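Worksheet for the structure shown next.
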């Protein structure tokens, strides 16, 4: 049961207007501030996650495009080579500087950097360093000593060790050590510095660079053997994966070979200057120039997309087979030169 209020009952007196004003003044700022804070938080959240999403989506592709640079410039040359220095050693040192300092050394960069999604450039750089590692080994074993029984050059021995290090070592690699370590780039810089030190001592007459036919022949044989191994890798991959339109490994092989071919092109071109008297004496000038040109053409192959189609396909090409042709032609020409050097 409910009762209606008695209209005749006395009512409480209304509060004075100044009291109502004071109550409103006490609550208004906090109510307004709370409402503004809530609105501001919603606005930040609504736009913040969108801005963050755009940054994340652009971070990898834009960053990768900035870093990506497959530098196969055939005109690349060493700078500041003084009389008495080796042109081949100078170009090897400058090539390390270009790939490590001018460009980023991408094979070692972790997944959370934009270069972590790159594929072709890291393999190209790996191929370059594989060729330089081979050259530094032969430089220590053959060119940088008088005979096999003589002492090895200390700078060349250290350069060989640094330039043959693994290319994918970053600051911290748990599989190797729980502690920070020297990166691949730092080791390659150290190898570069040792090559430069050797070249300066060579110009001063304090080091050995034996410009003999047998030394040149031994170096060219090693380079030919490396490319022979590369051709076997190409052959096996074509046999196993030809016609696979989703083959994600064929471009790795292609760009690794491209990097080795490019570095060897530069080295052989400069070795032609170092051994010019021997080459002229043996009548190899035309054969040498033809070999250098074959290496240049092989190193300049740069398709938009590397396909591993059937070798006799009508529409889908096989870029590994095309590269393999020039690679084997260059190897054959090296063998022809080494046969003449043995006479």
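The values are calculated or read from the model by the stated rules, or taken from the named source; none is laboratory data. Nothing here was measured: the structure is a model prediction, and the numbers come from that model. Glycine also receives a Cβ, built like all others from the backbone with ideal geometry; neighbour counts cover every protein chain displayed.
Tabulated values for the structure
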item	result
From 226, 230, residue being crowded, with 20+ Cβ neighbours inside 10 Å and modelled with pLDDT of 95 or more	230
Residue match in region 184-206 (condition: surrounded by 21 or more Cβ atoms within 10 Å (Cβ to Cβ), part of a helix (DSSP H, G or I) and outside the structural domain of residue 85 (by TED's automatic domain parsing))	no
Selection count, region 102-126, where residues are more than 16 Å from residue 169 (Cα to Cα) and touching a residue at least 60 places away in the same chain (Cβ under 8 Å)	4
Flag for residue 325 being within 25 Å of residue 123 (Cα to Cα), exposed (fewer than 14 other Cβ atoms within 10 Å of the Cβ) and touching a helix residue (DSSP H, G or I) at 6+ places or on another chain (Cβ under 9 Å)	yes
Complete set of residues in region 270-297 that are touching a helix residue (DSSP H, G or I) at 6+ places or on another chain (Cβ under 7 Å), part of a helix (DSSP H, G or I) and touching a residue at least 40 places away in the same chain (Cβ under 8 Å)	270, 271, 273, 274, 278, 287, 288, 290, 291, 296
Check on residue 156, in contact (Cβ under 8 Å) with a residue 60 or more places away in the chain, part of a helix (DSSP H, G or I) and within 25 Å of residue 224 (Cβ to Cβ)	no
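Residue by residue, here is whether (1) in contact with a helix residue (DSSP H, G or I) (Cβ under 8 Å, 6 or more places away or on another chain); (2) at pLDDT 85 or above holds:
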residue	(1), (2)
31	no, no
38	no, no
42	no, no
47	no, no
60	yes, no
63	yes, no
66	yes, yes
70	yes, yes
